[in-house]
Structure formats: structure tokens, C-alpha cells
Amino acid sequence: MPKKTKQKGRKKLNLRIGVLQGVFIVSLLCWALGIFVGANSIAVFSLMELSANPALNLLLLTASVFIFSLLFFGSSAPLILFFVGIMQGKAFLGAPVETIAGAIPLFIAAYAALVAGRYLYADFRGTGNFFAHKREMVALFGVSLVAAVIIGIAG
């Protein structure tokens, strides 16, 4: 009997990882759709022009993506990245390489929020411990912030 329990536990874990990857792929597609909508709209608002420091802009945007994607246990990441894509649409027309490079920390932050949301949901259900995985979550979020600063300075 213990083998069946372990096998069921492994299947559930694989399903959760598959769902996590599916939401992340949908998030990437939503960002691309947002870029398309933002580039073809008549909106003049662009988040990338808020200050003269592109590293600060990208850092704040990355932190915002993480915080707002963590809402609803990470499942709001596609919606957040869609809106970020709309805001980056005009910048994509002028500098596509910089915009795509600047999206790397955004995707890492969204993935970090998805992972944190998965652990948070497991903690609420009583099947896991959110704080047992804090190093993994802090490391992912830290990598996204460091990437944002490096890409912002280089761009």
C-alpha cells in the first residue's frame, strides 16, 4: 500500500508542475499579445519613459510584476504580463531587442511568483510549508532583480 500512496503523490506533484509550466507559457503568450496590442494602439502611455534611468524603471517593473503576480497564488501572472506588454508596446517599436531583453527579468519574476504562489497555496491547504521554501523563492526573486539591474544598465 505505501507504494500506491507514493505513486499517487508523485502523479499529483507532476500534475502541479505541469500546471505551473502551463500557466507560465500562457503568461509568455499574454505578454506577446500585450506587446502586439500596445504597439498597434493609439495609447501614448509608456511605462518605460517614467524616469531617465532605465535600470530603475526595469527594477520597479520587475518588483511590481512579482508582487501583483503573487495575487491569487500566482495565477494572475498572465493578466499582469498582458498589461505590462501593452505598456511596453510602443517601446518595442523603437527598440525591439532592448524590450525583449528587458522582458527576461519580468519572466523570471513572474515564474518566482508562480512558484511562491504554489507553495503558499499548499501551505493554506495544509499539505506543505510556505517558509520551508523561502530560500528558493528569495533566490528566484533576487535573480530577477539582479537581471533587471544588469539589463537596465546595459540597455
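The values are calculated or read from the model by the stated rules, or taken from the named source; none is laboratory data. What you see is a predicted model, and the numbers here were worked out from it, not measured in a lab. Cβ coordinates were reconstructed from backbone atoms using ideal geometry, including for glycine residues, and neighbour counts include every protein chain displayed.
For segment 115-148, a tally of residues being under 29 Å from P54 (Cα atoms) and buried (at least 16 other Cβ atoms within 10 Å of the Cβ) returns 10. Within the set F24, F66, the sole residue that is out of contact with any Asp or Glu (no Cβ under 9 Å at 6 or more places or on another chain), at pLDDT below 90, within 18 Å of G102 (Cα to Cα) and in a helix (DSSP H, G or I) turns out to be F24.
Considering A132, A122, A113, the condition of being part of a helix (DSSP H, G or I) and touching a residue at least 24 places away in the same chain (Cβ under 8 Å) is satisfied by A113 alone.
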